[in-house]
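The values are calculated or read from the model by the stated rules, or taken from the named source; none is laboratory data. What you see is a predicted model, and the numbers here were worked out from it, not measured in a lab. As a convention, Cβ positions derive from the backbone with ideal geometry for all residues, glycine included, and neighbour counts pool all protein chains shown.
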Amino acid sequence: MRAAVIVFPGSNCDRDIAVALEQSIGKPTTMIWHQDTDIPSDLDLIVVPGGFSYGDYLRCGAMAAHSPVMREVKRRAEKGMRVLAVCNGFQIVTEAGLLPGVLMRNRGLKYVCKDVHLRVEDSQSAFTAKYKVGDVLRIPIGHAEGNYFADEATLKQLEDEGRVAFRYCTTKGEITDDANPNGSQRNIAGVLNKARTVLGMMPHPERLADKKLGGTDGRAMFEALVETLA
Amino acid sequence: MKAKVHITLKNGVLDPQGKAVEHALHGLGFPDVGGVRQGKYIEVDLPKQKDKTQAKADVEKMCKALLANTVIENFSVEVVD
């Protein structure tokens, strides 16, 4: 499996996710600068990482969504290449139109940085194949704009097609308003595209993918990608 | 020619920043404030453009492509000399 991580000016989780990927893949990950459009042809996975691309100017992710490399990422994604978009990456791919909806300012207006619990809602994608529906994961978040919004028709379509990958929940897996850290509609923390080849999520699986970091709940995502795409 | 662009949240989209400003205004002794919605104002200079209709059409295209996110935002464009 060959993976690459896009680096925008202001990305700051690019190296963390490269380390997490390398642990599971066993070989180095390619880093692609945002102005490069010459993406290796044999890539299996592109990661759009977290951070503050372009200083969050205009709207989070809006500038990065139109950078040269994203046009190429979009083209490849439409051909079925896997795209994992985390945090600011999720904001970028929604702005780019790869996933529906938008990430708005948190309901409480504050930047929230803490571990949250996620209920797994899908195990039918290359990202989630090693989880079981109903599993409860502990994964950190760190964002001020993670409040997922989409119109009712879009939400219904996402639910009908089983494209909500993760929801914020209590430690026991209950979907409650108290367990919702940012006001996301229906506690949505991550969504898939129709082909289940693009996953966007606000929580950071790369931040708990190693025992030394205090947890490994995120690691199964990288291992699932390796098994599926190897 | 210059375009003045107002970007506002659509009705029904929760505006937590506007809500916070509303509460602050109440606290500062303006009890009559019934609601605050926060938006953006952008000026786009078009020094070469002579045609107002064309300028408006161009800036509306810019709004759809980048300046506004039409999932949650409305925009209005006013062109002035």
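For the reader, a short list of remarks on this structure follows.
- Selection status of A:Val116, over 26 Å from B:Tyr41 (Cβ atoms), in contact (Cβ under 8 Å) with a residue 24 or more places away in the chain and among the aliphatic types (A, V, I, L, M): yes
- Scanning segment A:108-166 for residues that are within 15 Å of the chain's Cα centre (by Cα) and among the acidic types (Asp, Glu), we see that the one that is nearest to the other protein chains (Cβ to nearest Cβ) is A:Glu145.
- The residues listed here are A:Gly108, A:Gly55; of these, the one that is touching a Pro at 6+ places or on another chain (Cβ under 9 Å) and on the phi > 0 side of the Ramachandran plot is A:Gly55.
- Qualifying residue in segment A:189-197 (condition: at pLDDT below 95 and loosely packed, with under 15 Cβ neighbours inside 10 Å): no
- Any hit, segment B:31-44, residues being within 14 Å of another protein chain (Cβ to nearest Cβ), in contact with a His (Cβ under 7 Å, 6 or more places away or on another chain) and not aromatic (Phe, Trp, Tyr): yes
- The combined condition, being of a type in the set (Val, Ile, Thr), surrounded by 11 or more Cβ atoms within 10 Å (Cβ to Cβ) and out of contact with any Pro (no Cβ under 9 Å at 6 or more places or on another chain), is not fulfilled by B:Val80.
- Test for A:Ala64: is it surrounded by 16 or more Cβ atoms within 10 Å (Cβ to Cβ) and closer than 28 Å to A:Leu158 by Cβ: yes
- The one condition from (1) under 18 Å from A:Val93 (Cα atoms); (2) part of a loop (DSSP other than H, G, I, E, B) that A:Tyr148 does not meet is (2).
- Of B:Leu28, B:Leu66, all but one fail to be surrounded by 10 or more Cβ atoms within 10 Å (Cβ to Cβ) and among the aliphatic types (A, V, I, L, M); the exception is B:Leu66.
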